[in-house]
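One structure is given here, and the rest of the page talks about it.
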Amino acid sequence: EKGGYEHFMLKEIFEQPKSIADCMRGRLNASAGELTLGGIQNYAEALAQADRIIIVACGTSWHAGLVAEYFIEDMCRIPVEVEYASEFRYRNPVIKEGDILIAISQSGETADTLAAIELAKAKGAIVFGIVNTVGSSIARATHEGAYLHAGPEIGVASTKAFTAQLTVLIMVFLKLAKRKGTIAESRFRELLIELESVPQKVEKALKSDDQIREISELFKDAHNFLYLGRGYNFPVALEGALKLKEISYIHAEGYPAAEMKHGPIALIDENMPVVFIATRDSSYDKIVSNIQEVKSRKGKVIAIVTEGDVLIPKMADFVIEVPATHEALMPLVSVIPLQLLSYHIALMRGCNVDQPRNLAKSVTVE
Ligand code: F6R
């Protein structure tokens, strides 16, 4: 059942070229310039008319929501708020009739996310679900939605669900941008073609597995890790840190790289590993300066870079290459080495990778 892999988590990490392709099958036709989302029909016009969008989720699904915030604002020009379901539901949020709420959940059973949906519906919001588990409570509670089609995720640490959530969110909001006319046809076409090539790029990113295992050996005894990224890679930094802490029990924090100087920089010394997600994008020059700031304080830098980068390898202690893609799609690729890093470190520390202590796959308690 683990398909020859030692753990479900590893199987699910390596499955991603396929799960992302499955998630696009029958939906994305790049050569025809078409996106078809059967589950979003009746309320598609309401979505196009939205003044704002509220996204609710927990954990890794909340990180997918943060990537979506950048994407929706960039492509659709609609303001987005991303909320932890548990905070949103208890703080008397402002929701008006016709507001759009998007709930993201792998299991479809997360109690706080479900309660946030019920609250929003009671106030007249239209709720869309981005859910993996067919027929789950959240799928049933929403008005419309799109399933991930990623297949069951068994490992407690969410991996393939995260990349499938991003893929679905990108498809939904590219389609919306096209409908609203907030994206140029050429850019739309270019993104569809690029999206179609993501499974091959993920496949290539997985080839760093041996190198990541070697790096993990050197850092497995660290007590702390910092993960830094900017723009679309900021939520990836949060996700990398969450993966590491939940399965290896090493304390890790994710931050926007520019926030480092507002506090976390005080933590940096020769014992602090800092993982930079520093692929080539519009904030590349800025993140290069952040790497220099860490190196000048003797921090150990592990950088995720775009293939062929010649500058960062001169500064960083270790570089892990990923294939180039459009910056809005990069989280689908740049998260892969971080999933592998957490897996190998946890394994080397003797942790139960598939069933970390204190965690359940579905959090049905509030
Ligand atoms: C992290 C993880 C959790 C879940 C969170 C939400 O690897 O698995 O943080 O992402 O509990 O779960 P779902 O997506 O099922 O609502």
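The values are calculated or read from the model by the stated rules, or taken from the named source; none is laboratory data. It should be emphasised that the depicted structure is a prediction, and the values quoted were computed from it without experimental measurement. Note that we place each Cβ from the backbone using ideal geometry, even for glycine, and neighbour counts take in every protein chain shown. All accessible areas refer to the heavy atoms of the entire protein, side chains included, with ligands and DNA or RNA removed. Shrake-Rupley method; radii C 1.70, N 1.55, O 1.52, S 1.80 Å.
With respect to residue 254, is the statement that it is within 16 Å of the ligand (Cβ to nearest atom) and assigned to a helix (DSSP H, G or I) true? Against the criterion (within 16 Å of the ligand (Cβ to nearest atom) and assigned to a helix (DSSP H, G or I)), residue 254 does not qualify.
Here residue 62 meets each of (1) open to solvent by less than 20 Å² (accessible area, probe 1.4 Å); (2) under 15 Å from residue 236 (Cβ atoms); (3) of a type outside the set (Lys, Arg) with one exception, condition (1). Residue-level check: of (1) touching a strand residue (DSSP E or B) at 6+ places or on another chain (Cβ under 8 Å); (2) open to solvent by 30 Å² or more (accessible area, probe 1.4 Å); (3) among the hydrophobic types (A, V, I, L, M, F, W, C), residue 78 misses just (2). Pairs are defined by a Cβ separation below 6 Å, a sequence spacing of at least 6 or placement on different chains, a first member in segment 236-256 that is open to solvent by 10 Å² or more (accessible area, probe 1.4 Å), and a second member that is part of a helix (DSSP H, G or I) and more than 14 Å from the ligand (Cβ to nearest atom); the pairs so defined are 254/237; 255/264; 256/234. The set of residues in segment 128-144 that are closer than 26 Å to residue 336 by Cα and either part of a helix (DSSP H, G or I) or in contact with a helix residue (DSSP H, G or I) (Cβ under 9 Å, 6 or more places away or on another chain) (or both) comprises 129, 130, 131, 132, 133.
Specify which of the listed residues (88, 71) is within 17 Å of the chain's Cα centre (by Cα), open to solvent by less than 10 Å² (accessible area, probe 1.4 Å) and more than 13 Å from the ligand (Cβ to nearest atom). So that I can check it myself, show each step before the final result.
Working: 88 fails: within 17 Å of the chain's Cα centre (by Cα).
Just a single option satisfies the conditions, and that option is 71.
Farther than 26 Å from residue 39 by Cα, modelled with pLDDT of 95 or more, of a type outside the set (S, T, N, Q) and assigned to a helix (DSSP H, G or I): is that true of residue 207 in this structure? Yes; evaluated as a whole, the condition is true for this residue.
When you go through 328, 360 one by one, which is the residue that is of a type in the set (Gly, Ala, Ser) and surrounded by fewer than 17 Cβ atoms within 10 Å (Cβ to Cβ)? Give the steps one after another, and end with the answer.
Working: 328 fails: surrounded by fewer than 17 Cβ atoms within 10 Å (Cβ to Cβ).
One residue alone meets the criteria, 360.
When segment 95-117 is filtered for residues that are of a type in the set (A, V, I, L, M) and not in a helix (DSSP H, G or I), the ones remaining, listed by number, are 95, 100, 101, 102, 103, 104. For segment 257-288, the set of residues classified as among the basic types (Lys, Arg) and either in contact (Cβ under 8 Å) with a residue 40 or more places away in the chain or open to solvent by less than 10 Å² (accessible area, probe 1.4 Å) (or both) consists of 280, 286, listed by residue number.
Conditions (1) within 13 Å of the ligand (Cβ to nearest atom); (2) hydroxyl-bearing (Ser, Thr, Tyr); (3) free of Cβ contacts under 8 Å to residues at least 40 places away in the same chain, marked per residue:
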site	(1), (2), (3)
106	yes, no, no
135	no, no, yes
153	yes, no, no
160	yes, no, no
173	no, no, no
176	no, no, no
180	no, no, no
204	no, no, no
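Residues that are among the aliphatic types (A, V, I, L, M), within 14 Å of the ligand (Cβ to nearest atom) and open to solvent by 10 Å² or more (accessible area, probe 1.4 Å) do not occur anywhere in segment 116-133. Count of segment 1-15 residues, restricted to those that are open to solvent by 50 Å² or more (accessible area, probe 1.4 Å) and more than 17 Å from the chain's Cα centre (by Cα), is 6. The single condition among (1) more than 20 Å from residue 48 (Cα to Cα); (2) open to solvent by less than 70 Å² (accessible area, probe 1.4 Å); (3) within 19 Å of the chain's Cα centre (by Cα) that residue 146 does not meet is (1). The one condition from (1) without any contact (Cβ under 8 Å) to a residue 60 or more places away in the chain; (2) closer than 15 Å to residue 125 by Cβ; (3) away from the ligand (no atom under 16 Å from the Cβ) that residue 55 does not meet is (3).
For segment 145-182, the set of residues classified as closer than 17 Å to residue 45 by Cα and assigned to a loop (DSSP other than H, G, I, E, B) consists of 181, 182, listed by residue number.
Mind listing just one residue for me: the one in segment 16-54 that is within 21 Å of the chain's Cα centre (by Cα) and open to solvent by 40 Å² or more (accessible area, probe 1.4 Å) and, of those, nearest to residue 201 (Cα to Cα)? If we take residues in segment 16-54 being within 21 Å of the chain's Cα centre (by Cα) and open to solvent by 40 Å² or more (accessible area, probe 1.4 Å), then 18 is nearest to residue 201 (Cα to Cα).
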